[in-house]
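Asker: Handing you a structure now.
The values are calculated or read from the model by the stated rules, or taken from the named source; none is laboratory data. Source: prediction; values computed, not measured. All Cβ positions, even for glycine, are placed from backbone atoms using ideal geometry, and neighbour counts span all protein chains on display. Heads up: the accessible areas ignore ligands, DNA and RNA and are worked out on the full protein's heavy atoms, side chains in. Shrake-Rupley method; radii C 1.70, N 1.55, O 1.52, S 1.80 Å.
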Amino acid sequence: MRWNAAYGTCFPDFVISDGLSDTFEVSKNLQQKQLLKSKLHSYVLLDKQLFLKYPRFKREEKKRQEEKCDLSDWDHNNLVFVFYELGITTKVEIEQEDGAKVVRVENLNNPYKGQSNFNWRFKLTLNKLYAWSLTDYDRVVMLDSDNLFLQKTDELFQCGQFCAVFINPCIFHTGLFVLQPSTIVFKDMLHQLKVGMDNPDGADQGFIGGYFPDLLDQPMFHPSLNGTKLQGNFRLPLGYQMDASYYYLRLHWSVPCGPNSVITFPGAPWLKPWYWWSWPVLPLGIQWHEQRRQTLGYDAEMPLVLIQTVLYLGIIVMTRLARPNLSKLCYRREDTKSIFLIRTGLKLIAIWSILAVYIIPFFLIPRTVHPLIGWGLYLLGSFALSCIALNAFLLPMLPVLVPWLGILGALLVMAYPWYSDGVVRALTVFAYAFCASPVAWTALVKIMSCLHVSLEREGFLPRLSESAAPAGFNKLY
């Protein structure tokens, strides 16, 4: 018996992930590779993330999803590709823990690594070609990790031998495509790799695009009402790969081509939706995390979040209770050059400490936590570290906290949900930045002035023992 296979997971209200072209944080973020199959469909996993960790679903989470999607009567046929680097232990572990069939495969050599425009982030994406070797299945749907499903898409299994979406007018996108496995095609693809078939980007996108150069001339896919599988190659409607950038222009979806089923997030890897800082910079990030909150939760990240929260609150309390006593300081009047160098160094240290206040918390927060938790923890952390700088250098609170207030204001401006379109939103953010710049500059000038006065009056040298005070020193009381 032959089955249809989908690469990833495919049911309503669920986040899709494969991780082929993205970083490990994707799988760490989603913590999911639940592979469910209906009586007609099997869901297959091939993931480079397995080099680092196999992200599995908790069994109770899997049970809850089955109940939510009414999948209790589905026949399961789970398949996972793992690479030899993982070893046999991981293979057995996956089989025992998740009940999945495991197939070990080798990494395909990427012969395009020497190209000048090659991006090492896509080194392993040619492993997607293994999908053509799954000849036990009638159809395979390949998915990238940055796909967010809005509704069920089982009709894709009716498509022909190869089907893909053109989110670019001339180049189809390999973030989602349908294929019919074929040993002949798979071997021919491997041969084309060996002979160095032209590949403009050195990744799966360029290779598969070059292997199916005439897809643009093929008819549009329209699923049949009786579920009959089509033959030949087809273009998939844009609704199966709605580029998130289309949404950012109008702040709503208006894709007339086919059902609005799948959102894809191509672009800068550090602005992928699973990172907490991607929202509210990119509005759709919150939708991704809402899907995750409803399915997987954030149990993996919360212990570290709680630890940091307690630490920051402790810092705030301690800085309020243990204010430094700088009433008795001394300086060397005779060595004016030394005093000048020390004061200059202290000014630089003060400025760098203020910058560190807003940099350090950013890198300590778990990358894949919910944006509301992430930004809240960031603001708490930067405020706590600001208290240290305030007390250490006797600085006024308001100028030091101007960046903190500015960041909070920027988040509120970007998160405002009632903009008419993306252009108005962008202009509003620009206007806010334009108005906030003079305030930030004034705060910087105020901080430098206060530092100068403090250092001139107090000397800011370590306190010396009165009995050991050498000649030439004067005490300030």
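Asker: Within the range 418-433, can you find the residues that are within 12 Å of Leu249 (Cα to Cα) and not in a helix (DSSP H, G or I)?
Answerer: Hits for the range 418-433 are Tyr419, Ser420, Asp421.
Asker: Also, I was wondering about something else. So which residues in the range 204-235 are among the hydrophobic types (A, V, I, L, M, F, W, C), open to solvent by 70 Å² or more (accessible area, probe 1.4 Å) and within 12 Å of Ile171 (Cα to Cα)?
Answerer: Leu216
Asker: Which of the residues belonging to the range 160-185 are closer than 25 Å to Asn119 by Cβ and free of Cβ contacts under 8 Å to residues at least 60 places away in the same chain?
Answerer: Asn168, Pro169, Cys170, Ile171, Thr174, Phe177, Leu179
Asker: Among the residues of the range 186-203, which ones are open to solvent by 40 Å² or more (accessible area, probe 1.4 Å) and assigned to a loop (DSSP other than H, G, I, E, B)?
Answerer: Passing the criteria: Gly196, Asp198, Pro200, Asp201.
Asker: Among the residues of the range 292-304, how many are open to solvent by 20 Å² or more (accessible area, probe 1.4 Å) and polar (S, T, N, Q)?
Answerer: Within the range 292-304, residues that are open to solvent by 20 Å² or more (accessible area, probe 1.4 Å) and polar (S, T, N, Q) number 1.
Asker: Take Leu377 and tell me if it is surrounded by fewer than 18 Cβ atoms within 10 Å (Cβ to Cβ), modelled with pLDDT of 90 or more, in contact with a Leu (Cβ under 9 Å, 6 or more places away or on another chain) and of a type outside the set (Gly, Ala, Ser).
Answerer: The answer is no for Leu377.
Asker: Looking at (1) open to solvent by 50 Å² or more (accessible area, probe 1.4 Å); (2) more than 25 Å from Thr319 (Cβ to Cβ); (3) part of a helix (DSSP H, G or I), which one does Ala410 not meet, given that it meets all the others?
Answerer: Tallying (1) open to solvent by 50 Å² or more (accessible area, probe 1.4 Å); (2) more than 25 Å from Thr319 (Cβ to Cβ); (3) part of a helix (DSSP H, G or I), Ala410 fails exactly one: (1).
Asker: Tell me, yes or no, whether the range 165-173 has at least one residue that is modelled with pLDDT of 90 or more, buried (at least 17 other Cβ atoms within 10 Å of the Cβ), within 28 Å of the chain's Cα centre (by Cα) and assigned to a strand (DSSP E or B).
Answerer: yes
Asker: Could I ask something else about it? Between Val262, Val255, which is among the aliphatic types (A, V, I, L, M), under 30 Å from Ser182 (Cβ atoms) and open to solvent by less than 30 Å² (accessible area, probe 1.4 Å)?
Answerer: Every option except Val262 fails the conditions.
Asker: Same structure, new question: On the basis of being under 21 Å from Leu143 (Cα atoms) and open to solvent by 40 Å² or more (accessible area, probe 1.4 Å), does Gly267 make the cut?
Answerer: Considered against the rule, which asks whether it is under 21 Å from Leu143 (Cα atoms) and open to solvent by 40 Å² or more (accessible area, probe 1.4 Å), Gly267 comes out as yes.
Asker: Which one of these is among the β-branched types (Val, Ile, Thr), modelled with pLDDT under 60 and surrounded by fewer than 17 Cβ atoms within 10 Å (Cβ to Cβ): Thr89, Thr135?
Answerer: Only one candidate qualifies: Thr89.
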